[in-house]
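Asker: My questions all concern the structure below.
The values are calculated or read from the model by the stated rules, or taken from the named source; none is laboratory data. Small disclaimer: the values here were computed from a predicted structure and weren't measured. Positions of Cβ are generated from backbone atoms using ideal geometry, with glycine treated the same way; all protein chains shown enter the neighbour counts. With ligands, DNA and RNA removed, areas are computed over all heavy atoms of the protein, side chains included. Shrake-Rupley method; radii C 1.70, N 1.55, O 1.52, S 1.80 Å.
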Amino acid sequence: MPLTPFIDYLLLERNYSKHTIIAYERDLKVFFEFLKTTFSEEDPSAVNYSMIRSWIVSLVGQGISNRSINRKISSLKTYYKFLLKTEQIEATPLAKHKSLKVSKKIQVPFSETEIDEVINLLANPTDFKTARDKVIVELFYSTGMRRAELINLRLKDIDAGQGYVKVLGKRNKERLIPLLSSVLSSVQEYVHFRNEIDVVDDDYLLLTNKGVKIYETLVYRLITNYFSQASQKVKKSPHILRHSFATHLLNEGADLNAVKELLGHASLASTQVYTHNSIATLKEVYRKSHPRNLK
């Protein structure tokens, strides 16, 4: 099944990230392979919901989580909407599909103490690697940016004079995030070490010791390694640092809309998932402040 027109549509019209497009393409190829093997069918316009349901049952049988299945079906929905938009089909077979139920995962953020401990571990760096790792941790926690956004930062994106970083987010949307003076100092310190190595990817801010742009598994590994020294939490990842950034701001009374803008969310609903951890703080403020309780 040729997917090139659909991929071009996602890339050029919808401005989807390369990572998302790769995931969509992979999901569709798996689906069409299932159709061919199970139903001897290769024409997407001949697909009905019964066939899709059989695929879902197959995925469940493989032990794939409902959350992952919903993501795969989302890829399929987008594809069939494209076929509908380009008048290749008259109706989508997924019109009445309802997402599988998923349990809500409560992601526990790092405490301020845990984050301080990691930053202290990286204090006063004396080599390139430590200086870089310190910048990575501080940028994650002080800006709440996504892992892909951090990896793709360029030197020119840091404006030390104005005190902000320009981030290219999902669907190529740019946003400006203020930087603390301490973070700017860490960046300048890192750049000093960066200038002493053989640089290959000169445009990019964060590099490996071989001078090439850092990559996802490296970032995930270093965050896990450092926070394993400070935290007993099961989940330790760049996203938990983003989660901590949002939660700590909300705990200190930051406006939800402001946090939404900083995180680069398209809707307020996406930001509200970070509010559950601030409820404990709100309860404490309420308990200490409400006149009826004071009596």
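Asker: Out of all the residues in the stretch 100-140, which are hydrophobic (A, V, I, L, M, F, W, C) and part of a loop (DSSP other than H, G, I, E, B)? Explain how you work it out, then say what you get.
Answerer: Pass one, the stretch 100-140, residues hydrophobic (A, V, I, L, M, F, W, C): 100, 102, 106, 108, 110, 115, 118-119, 121-123, 128, 131, 135-137, 139-140.
Selection gives L100, V102, I106, V108, F110, L122, A123.
Asker: Take V187 and decide whether it is among the β-branched types (V, I, T), closer than 16 Å to L150 by Cα, in contact with a helix residue (DSSP H, G or I) (Cβ under 8 Å, 6 or more places away or on another chain) and modelled with pLDDT of 95 or more. Before you say what the answer is, go through the steps one by one.
Answerer: Details: among the β-branched types (V, I, T): yes; closer than 16 Å to L150 by Cα: yes; in contact with a helix residue (DSSP H, G or I) (Cβ under 8 Å, 6 or more places away or on another chain): yes; modelled with pLDDT of 95 or more: yes.
Spelling it out, V187 is indeed among the β-branched types (V, I, T), closer than 16 Å to L150 by Cα, in contact with a helix residue (DSSP H, G or I) (Cβ under 8 Å, 6 or more places away or on another chain) and modelled with pLDDT of 95 or more.
Asker: If I filter the stretch 173-187 for residues that are more than 26 Å from A254 (Cβ to Cβ) and surrounded by fewer than 18 Cβ atoms within 10 Å (Cβ to Cβ), do I get at least one hit? First the steps, then the outcome.
Answerer: Within the stretch 173-187, the subset more than 26 Å from A254 (Cβ to Cβ) is none.
No.
Asker: State whether the residues of the stretch 107-117 include one that is farther than 30 Å from W55 by Cβ, at pLDDT below 90 and touching a His at 6+ places or on another chain (Cβ under 9 Å). Can you show your working first?
Answerer: So in the stretch 107-117, the residues farther than 30 Å from W55 by Cβ come out as 108-117.
Still in the running and at pLDDT below 90: 108-109.
Cutting the leftovers down to touching a His at 6+ places or on another chain (Cβ under 9 Å) gives us 108-109.
Yes - at least one qualifying residue is present in the stretch 107-117.
Asker: Of all residues in the stretch 217-270, count the ones that are open to solvent by less than 40 Å² (accessible area, probe 1.4 Å), free of Cβ contacts under 8 Å to residues at least 40 places away in the same chain and on the phi > 0 side of the Ramachandran plot.
Answerer: 0
Asker: Right, another one. Given the options S68, S75, name the one that is part of a helix (DSSP H, G or I) and touching an Asp or Glu at 6+ places or on another chain (Cβ under 8 Å).
Answerer: On the way: S68 fails: touching an Asp or Glu at 6+ places or on another chain (Cβ under 8 Å).
Testing whether each residue is part of a helix (DSSP H, G or I) and touching an Asp or Glu at 6+ places or on another chain (Cβ under 8 Å) leaves just S75.
Asker: Return a yes/no flag: does the stretch 91-113 have any residue that is open to solvent by 20 Å² or more (accessible area, probe 1.4 Å), charged (D, E, K, R) and under 30 Å from V191 (Cα atoms).
Answerer: yes
Asker: If you don't mind, there's one more thing I want to ask. Examine the stretch 34-56 for a residue that is farther than 30 Å from L207 by Cβ, open to solvent by less than 70 Å² (accessible area, probe 1.4 Å) and under 25 Å from the mean Cα position of the chain (by Cα), and state whether such a residue exists.
Answerer: Looking through the stretch 34-56, none of the residues is farther than 30 Å from L207 by Cβ, open to solvent by less than 70 Å² (accessible area, probe 1.4 Å) and under 25 Å from the mean Cα position of the chain (by Cα).
Asker: Could I ask something else about it? Within the stretch 196-209, can you find the residues that are in contact (Cβ under 8 Å) with a residue 12 or more places away in the chain and under 18 Å from K134 (Cα atoms)?
Answerer: Matches in the stretch 196-209: E196, I197, Y204, L205, L206, L207, N209.
Asker: Now, a different point. I'm trying to understand the selection: among the residues of the stretch 198-216, which are among the aliphatic types (A, V, I, L, M) and exposed (fewer than 14 other Cβ atoms within 10 Å of the Cβ)?
Answerer: Going through the stretch 198-216, the residues among the aliphatic types (A, V, I, L, M) turn out to be 199-200, 205-207, 212, 214.
Correct list: V200, V212.
Asker: A follow-up question, please. Could you grab me the full set of residues in the stretch 35-48 that are assigned to a helix (DSSP H, G or I) and either farther than 17 Å from S74 by Cβ or modelled with pLDDT of 95 or more (or both)? Talk me through it step by step, then tell me what you get.
Answerer: Filtering the stretch 35-48 down to residues assigned to a helix (DSSP H, G or I) leaves 35-39, 44-46.
Residues satisfying the conditions are L35, K36, T37, T38, F39, S45, A46.
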